[in-house]
1. Got at least one residue in the range 173-184 being at pLDDT below 70, assigned to a helix (DSSP H, G or I), at negative phi and surrounded by 12 or more Cβ atoms within 10 Å (Cβ to Cβ)?
2. When you go through (1) of a type in the set (Ser, Thr, Tyr); (2) touching a Lys or Arg at 6+ places or on another chain (Cβ under 9 Å); (3) closer than 22 Å to ARG102 by Cα one by one for SER21, which number turns out not to apply?
3. If a residue has to be over 22 Å from HIS110 (Cα atoms) and surrounded by fewer than 11 Cβ atoms within 10 Å (Cβ to Cβ) to count, how many in the range 34-51 make the cut?
4. Looking at PHE125, PHE108, PHE117, which is the one that is assigned by TED's automatic domain parsing to the domain that holds ASP178 and over 16 Å from GLY189 (Cβ atoms)?
5. Looking at the range 74-97, is at least one residue polar (S, T, N, Q) and over 22 Å from SER21 (Cα atoms)?
6. Restricting to the range 42-88, what's the tally of residues that are farther than 28 Å from ASP24 by Cα and hydroxyl-bearing (Ser, Thr, Tyr)?
7. Condition (residue is among the hydrophobic types (A, V, I, L, M, F, W, C), assigned to a helix (DSSP H, G or I) and crowded, with 17+ Cβ neighbours inside 10 Å) applied to the range 74-88: is it met by at least one residue?
8. Specify the residue that is modelled with the lowest pLDDT; the eligible residues are those in the range 99-134 that are more than 28 Å from ILE44 (Cα to Cα) and surrounded by fewer than 13 Cβ atoms within 10 Å (Cβ to Cβ).
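The values are calculated or read from the model by the stated rules, or taken from the named source; none is laboratory data. Owing to the predicted nature of the structure, the values given are computational and were not obtained by experimental measurement. When we count neighbours, we look across all protein chains shown, and the Cβ atoms used for this are built from the backbone with ideal geometry, even at glycine.
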Amino acid sequence: MNLRNTKICIVLILFIVAIVSCIDPIYPENQYLQHLGTLFLSFILLWDIQKMKLSLFAYLFVAIFIIIHIIGARWIYSFVPYNELFDTYLGFDLNQLFENERNHYDRFVHLSFGVLFIPFLFEKFKAIFKNNLMSILLAWLAVQTFSLLYEVFEWLLTVFMDPQIAEDYNGQQGDIFDAQKDMALALLGSSIASLFYLIKRINK
């Protein structure tokens with residue numbers, strides 16, 4: 001199977017996962033709002049099928065993030081039953097580890113964003129600037145910028161939308177420092193991924 005067909009298969013799998021996640025929705029209005037992000041992210045993959053600029057590695061990382069997001073959208077982030085799954089199948093209560101009952105799936109997604117988008121951003125900047133170090137730095141900065149802009153977007157939802165819908169979408173769960181913690185996790189994830197990229201490129 002050539003690279004283009006592999007990428008098409010990845011998109012088809014994402015499409016099927018997204019459709020299945022929308023069957024008998026638990027929070028229909030909120031889930032469909034969450035899937036605006038799914039559509040936006042999918043354009044990256046659809047665009048690349050035509051242009052064929054991304055490596056399979058970077059392409060797959062974006063696809064993994066989309067799947068993580070689709071899972072979050074199914075339960076509007078705040079109610080993803082990861083703790084129940086861990087407790088049932090592994091006998092391990094994650095809530096006891098964190099010493100609270102907050103659902104931390106949204107935190108995991110922000111951390112994943114930092115890790116999984118560095119390859120995509122690095123390759124985009126490398127195609128423009130042809131410089132590894134500059135591309136890594138710009139990719140890292142881009143993650144922080146996108147993370148900040150997303151938190152501003154969430155704040156705007158609280159200003160212009162119904163308060164309950166905005167609260168469900170944002171998944172703050174009463175944490176007044178939710179935005180800061182989300183950006184900090186994106187910073188952590190992107191810093192770890194950038195460090196690995198830096199070491200990999202230096203050792204080449």
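1. For the range 173-184, residues at pLDDT below 70, assigned to a helix (DSSP H, G or I), at negative phi and surrounded by 12 or more Cβ atoms within 10 Å (Cβ to Cβ): absent.
2. In the conditions (1) of a type in the set (Ser, Thr, Tyr); (2) touching a Lys or Arg at 6+ places or on another chain (Cβ under 9 Å); (3) closer than 22 Å to ARG102 by Cα, SER21 misses (3) alone.
3. Counting residues in the range 34-51 that are over 22 Å from HIS110 (Cα atoms) and surrounded by fewer than 11 Cβ atoms within 10 Å (Cβ to Cβ) gives 2.
4. PHE125
5. Here is the first cut: in the range 74-97, the residues polar (S, T, N, Q) are 78, 83, 88, 95-96.
Next, only the ones that are over 22 Å from SER21 (Cα atoms) stay: 95-96.
Within the range 74-97 (the criterion being polar (S, T, N, Q) and over 22 Å from SER21 (Cα atoms)), the answer is yes, since at least one residue qualifies.
6. Adding up the residues that qualify gives 2.
7. Within the range 74-88, none of the residues are among the hydrophobic types (A, V, I, L, M, F, W, C), assigned to a helix (DSSP H, G or I) and crowded, with 17+ Cβ neighbours inside 10 Å.
8. Keep residues of the range 99-134 that are more than 28 Å from ILE44 (Cα to Cα), which gives 99-103.
Those left that are additionally surrounded by fewer than 13 Cβ atoms within 10 Å (Cβ to Cβ): 99-101.
Working: GLU99: 67, ASN100: 74, GLU101: 78.
Looking at residues that are more than 28 Å from ILE44 (Cα to Cα) and surrounded by fewer than 13 Cβ atoms within 10 Å (Cβ to Cβ), I get GLU99.
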